[in-house]
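S.K.: Structure incoming, see below.
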Amino acid sequence: NAGVMQNPRHLVRRRGQEARLRCSPMKGHSHVYWYRQLPEEGLKFMVYLQKENIIDESGMPKERFSAEFPKEGPSILRIQQVVRGDSAAYFCASSALQMNTEAFFGQGTRLTVV
Amino acid sequence: GDSVTQMEGPVTLSEEAFLTINCTYTATGYPSLFWYVQYPGEGLQLLLKATKADDKGSNKGFEATYRKETTSFHLEKGSVQVSDSAVYFCALSDLGAGGTSYGKLTFGQGTILTVHP
């Protein structure tokens, strides 16, 4: 059973470009979470999605950031017009349908904005 | 809001030394508490968890006890190995405060542990 798969592992974007980060949850998991880890800081919750629904986006910046989890395919975290401050590691986690179940993390995507 | 505070790092120990990494929390409701570990180049893995006061989580020789009176969840291991070198994160999930699942976590800043032979 493959784990949570994130790609790319490393992404370099110039200021003003768009960044698209992908996350394929574990087989059978229908809940996806995105976290951001800035340098020297812990992980910060961004958004929680189920298939075709955003459940909790309380941690998402109000502008330039969006997330989706379509019926088919991976979850996508999209950052428009990236700035240097967006440089960070972005982690995805997934969990099964039941509420009180562990979330499994991917290896992360390290975004560098130059 | 909820928050988690871990002891300042990094921590450097010799093999077979005793390990303690302190973790304290503040939460609106009655949280579940977790320790995650991140080995170099890998994602976070759940190390152990506790869901109610006085519960002790344990795994791979690590243990932590949920202390509600001191709002703490300190990680301990009696004899560390070189293979324990990693980053350790304390985290909480506050379902009682409207949290939606264990996947929505509040993390501490992480503690880097290096164990020398």
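Read-outs throughout are calculated quantities, based only on the coordinates presented, and are distinct from any laboratory measurement. Predicted model, so just to flag it, every value in this text is computed and none were measured. Ideal geometry is used to build each Cβ from the backbone, glycine not excepted, and the neighbour counts take in all protein chains shown.
S.K.: Tell me, A:Met46, A:Met5 in order of fewest to most beta-carbon neighbours within 10 Å?
M.R.: A:Met5, A:Met46
S.K.: To continue, here is another question. Multiplying the sequence separation of A:Glu40 and A:Glu52 by 0.36 nm and subtracting their Cα-Cα distance, what value in nm do you get?
M.R.: Net length gain for the segment: 1.0 nm.
S.K.: OK, next. Can you compute the modelled spin-label distance between B:Asp2 and A:Gln17, with each label point 7 Å from Cα toward Cβ, in nm?
M.R.: Distance between label points: 3.6 nm.
S.K.: Additional query: Assuming R0 = 45 Å, what is the FRET efficiency of A:Glu72 and B:Asn59, from their Cβ-Cβ distance, to the nearest 0.05?
M.R.: Efficiency, from the Cβ-Cβ distance: 0.80.
S.K.: Let me ask another. Taking other Cβ within 10 Å of each residue's Cβ, how do B:Ile112, A:Ile76 sort, fewest first?
M.R.: Fewest-to-most ranking of B:Ile112, A:Ile76: B:Ile112, A:Ile76.
S.K.: Count, for each residue of B:107-116, the Cβ atoms from other chains sitting within 10 Å of its Cβ, then give me the mean as a whole number.
M.R.: Average per residue, whole number: 2.
S.K.: Distances longer than 24 Å among the Cα atoms of the protein assembly as shown: what percent of all pairs is that?
M.R.: Within the protein assembly as shown, distances greater than 24 Å cover 44 percent of Cα pairs.
S.K.: So which chymotrypsin sites (Phe, Trp or Tyr not before Pro) in the stretch B:1-44 are both in a DSSP loop and have at most 13 other Cβ atoms within 10 Å of their Cβ?
M.R.: The qualifying sites are B:Phe18.
S.K.: Moving on to the next point. Once label points are set 7 Å from the Cα along Cα→Cβ at both B:Glu76 and B:Thr12, what is their separation, rounded to one decimal in nm?
M.R.: A separation of 2.6 nm, rounded to one decimal place.
S.K.: For every other residue with a beta carbon closer than 15 angstrom to the beta carbon of A:Ser24, add +1 if it is Lys or Arg and -1 if Asp or Glu, then tell me the sum.
M.R.: Once positives and negatives cancel, what remains is +4.
S.K.: While we're here: Which whole-Hz ³J(HN,Hα) couplings does the stretch B:68-78 yield from phi under the Karplus relation 6.51 cos²θ - 1.76 cosθ + 1.60, θ = phi - 60°, glycine and proline marked x?
M.R.: Per-residue couplings from phi come out as 6, 5, 10, 6, 9, 8, 6, 8, 9, 8, x Hz.
S.K.: Right, next: Could you give the dipole magnitude of chain A about its Cα centre, charging the beta-carbon of Lys and Arg +1 and that of Asp and Glu -1, in debye to the nearest 20?
M.R.: Approximately 480 debye in magnitude.
S.K.: Right, another one. Please give, to one decimal in nm, the separation of the simple spin-label points placed at A:His10 and A:Gln80, each 7 Å out from Cα toward the Cβ.
M.R.: Rounded to a tenth, the inter-label distance reads 3.0 nm.
S.K.: Based on Cβ point charges of +1 for Lys and Arg and -1 for Asp and Glu, what charge dipole magnitude is obtained for the protein assembly as shown about its Cα centre, in debye rounded to the nearest 20?
M.R.: Here the size comes out at about 860 debye.
S.K.: What pairs in A:Lys51/B:Lys56; A:Lys44/B:Lys49; A:Lys71/B:Lys104; A:Lys62/B:Lys104; A:Lys51/B:Lys60; A:Lys62/B:Lys68 have C-alpha atoms more than 28 Å from each other?
M.R.: A:Lys51/B:Lys56; A:Lys51/B:Lys60; A:Lys62/B:Lys68
S.K.: Could you give the dipole magnitude of chain B about its Cα centre, charging the beta-carbon of Lys and Arg +1 and that of Asp and Glu -1, in debye to the nearest 20?
M.R.: 280
S.K.: Could you compute the net charge surrounding B:Val11? Neighbours are other residues with a C-beta less than 14 Å from the C-beta of B:Val11; K and R count +1, D and E count -1.
M.R.: Here the count lands on -3.
S.K.: Could you work out the mean count of beta carbons from other protein chains within 10 Å of each residue's beta carbon in A:28-41?
M.R.: Mean shielding count: 2.
S.K.: Let me ask you something else. According to the Cα gyration tensor, what semi-axes, each the square root of 5 times an eigenvalue, does the equivalent ellipsoid of the stretch B:1-108 have, listed from largest to smallest in whole Å?
M.R.: 24, 14, 12
S.K.: Please work out the Cα center distance from the stretch A:1-25 to the stretch A:55-95, rounded to the nearest Å.
M.R.: Here the two parts' Cα centres lie 10 Å apart.
S.K.: Over the protein assembly as shown, what is the percentage of antiparallel beta bridges among all DSSP beta bridges, to the nearest 5?
M.R.: 90
S.K.: As I understand it, the dipole of chain B uses +1 on the Cβ of Lys and Arg and -1 on the Cβ of Asp and Glu, about the Cα centre. Which of B:Thr114, B:Tyr25, B:Gln6 lies farthest toward its positive end?
M.R.: Sorting the options by dipole projection puts first B:Tyr25.
S.K.: Please compute one quarter of the surface area of the Cα convex hull for chain A and express it in square nanometres.
M.R.: Taking the Cα atoms of chain A, their convex hull projects to 6.8 nm² on average.
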